[in-house]
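The values are calculated or read from the model by the stated rules, or taken from the named source; none is laboratory data. Everything quoted here is computed from the prediction, not taken from an experiment. Cβ: placed from backbone, ideal geometry, glycine included. Neighbour counts: every protein chain shown.
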Amino acid sequence: MKQTICNVFPSADAYILPFASPAKRHISLGKELDDAIDLALERHFQAGAGEVKALMVPVAGKLIQLVFSGFGEMPLMPRKLYLNAAKAFRMCKDAGAECVAVALDNLPALCEDADLFETVGRLPLLVNYANTGRKNNPKVKAFREVCFVSEHTGLNDRMQAAIDCAEGTVIARTLCNQPASFQTPHSLAEDAAKLGAECGFSTEILEQPQIEALGMDSFLSVARGAKNTPPALIVMRYLQGGDAPVVGYVGKGLVYDSGGYSLKSNANMKNMFDDMGGAAAVIGAMSAIARQKLPVNIIGVVAACENKLSYDSYVPGDIIGSMAGKSIEVTNTDAEGRLTLADAITYAIRKEGCDVIVDIATLTGAAKAAVGKYSSAVISNDDALYTALQKAAYSSSEKVWRLDADEEMQSCLNSAVADIKNASGATTDGGGCILGGLFLQEFVEKKRWIHIDMAGVNFRAEPPAFTTTGATGYGAALLFYLARELPQYLKT
Ligand code: BES
Ligand code: ZN
Ligand code: ZN
């Protein structure tokens, strides 16, 4: 798909007209269309937030679609724009429009506020994405060209940032939607390496013997049940920040999570090929960061494996080691993500010299119970880092909700036979999302740290307009914008 900026209206199948309320036409598309628009504004369209209406009008012997997109009263925030402008693009796509023009100047804020411009600039790629898997002859409608029409100049860099960022999200969705019948820890590693070569970051893939030599017993315990799909430690390096601190982006990379001997029910298992949403977000973000040549030092780390059943899998009651030297009592083999992440975090700190850790994971069902399906649940030991994440969430329209890392809850992870247990084991304790974070905090060695539990936002069976059924690609844009905030933040 081609995405351009132009200052005159091209011939298109559909025109998207953005309006704030009260609805007024600020631009001219020629007498015939202007009359049609003005008539529609008189009675049929109020420009309320989320209001979308289409009108078919004959122009030079062809029917074109005018799509009115309402955003309500100003000021407009990126998230509101993201949700509502996506509806207009979706309506164009569903109607089969291949060439779409967006009349940006009808709502000048879209050009004057760079955050808003980038938000709308990401949507064509996000809406165009189709999740057709391995279906033969899928019937997909797609945009061929989307043109943003504006008299403003100087928008090109922001448009390229929007495209690179949206492609990062599409990469994350594509990786995350691969079922375990096609995706193994190694195929994920190879996909990361290919993207690294294309976008500009380097990739090192550590195999089982090297992982063993590092003493990653916690990671290896989870991986042990999947004999045919051995683990891979994927290390991605992008070091363009000079002597700035090194930031570790650590993503959970379970290409399948059956729960192991603490087996999940079928209903809770069938989408568990998506349990590498954190890894997908890291890989998508690294791609966008490298394409944008951001002045940062980022190390991406993914401990990729499968949580499967075999005669040899780890079982509840096991006491296992970890790269950090802490012993762990496994009370539940389904709390496997934290076991892989603990070693990945230790690796990032001790072997790659990371000063800041950002981990992102589909870690707990409890995250959704705590904050709902629109936000990830975040735990952090650093207020300024969380402020940077909030700014990134504002720009990316990917919401975050911070929970207190309530130290009193830590006692739920006390073990009589090991340094810590991986899950409380008592349903009466509650706070599963916080406990996941508190477990990881034990491995961050007092580094500045932020934990993003994206279990509730990773997958949508009833998708909003900006995505389609399946993986949302959540996190790629968030981590991209966080990297853009980092130089500023790391100074303080
Ligand atoms: N991958 C799951 C979390 C998950 C649940 C992701 C639903 C997406 C949707 C994770 O490994 C898990 O099973 N966590 C357990 C932890 C519990 C055993 C302490 C959970 O949430 O029940
Ligand atoms: Zn699990
Ligand atoms: Zn899991």
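Details
- From Thr346, Thr333, Thr362, residue being hydroxyl-bearing (Ser, Thr, Tyr), more than 13 Å from ligand 1 (Cβ to nearest atom) and modelled with pLDDT of 95 or more: Thr346
- Subset of the stretch 322-348 (residues that are acidic (Asp, Glu) and within 16 Å of ligand 3 (Cβ to nearest atom)): Asp334, Glu336, Asp343
- Residues in the stretch 225-262 that are of a type in the set (D, E, K, R) and within 15 Å of ligand 2 (Cβ to nearest atom) were compared, and the one that is farthest from Met323 (Cα to Cα) is Asp257.
- Of the candidates Ile289, Ile319, the single residue that is more than 16 Å from ligand 3 (Cβ to nearest atom) and over 23 Å from the mean Cα position of the chain (by Cα) is Ile319.
- Residue list for the stretch 399-418, filter: aliphatic (A, V, I, L, M) and assigned to a loop (DSSP other than H, G, I, E, B): Leu403, Ala405, Ala416, Val417, Ala418
- The requirement of being in a loop (DSSP other than H, G, I, E, B) and touching a residue at least 40 places away in the same chain (Cβ under 8 Å) is satisfied by Gly456.
- For the stretch 366-386, the candidate set comprises residues that are surrounded by 16 or more Cβ atoms within 10 Å (Cβ to Cβ) and within 16 Å of ligand 3 (Cβ to nearest atom); within that set, the residue that is nearest to Leu479 (Cα to Cα) is Ser376.
- Residue that is modelled with the lowest pLDDT, among those in the stretch 108-140 that are among the basic types (Lys, Arg) and farther than 25 Å from Glu73 by Cα: Lys139
- Meets criteria (touching a residue at least 12 places away in the same chain (Cβ under 8 Å) and in contact with a Cys (Cβ under 9 Å, 6 or more places away or on another chain)) for Gly248: yes
- The stretch 88-117: number of residues that are in contact with a Ser or Thr (Cβ under 7 Å, 6 or more places away or on another chain) and not hydrophobic (A, V, I, L, M, F, W, C): 2
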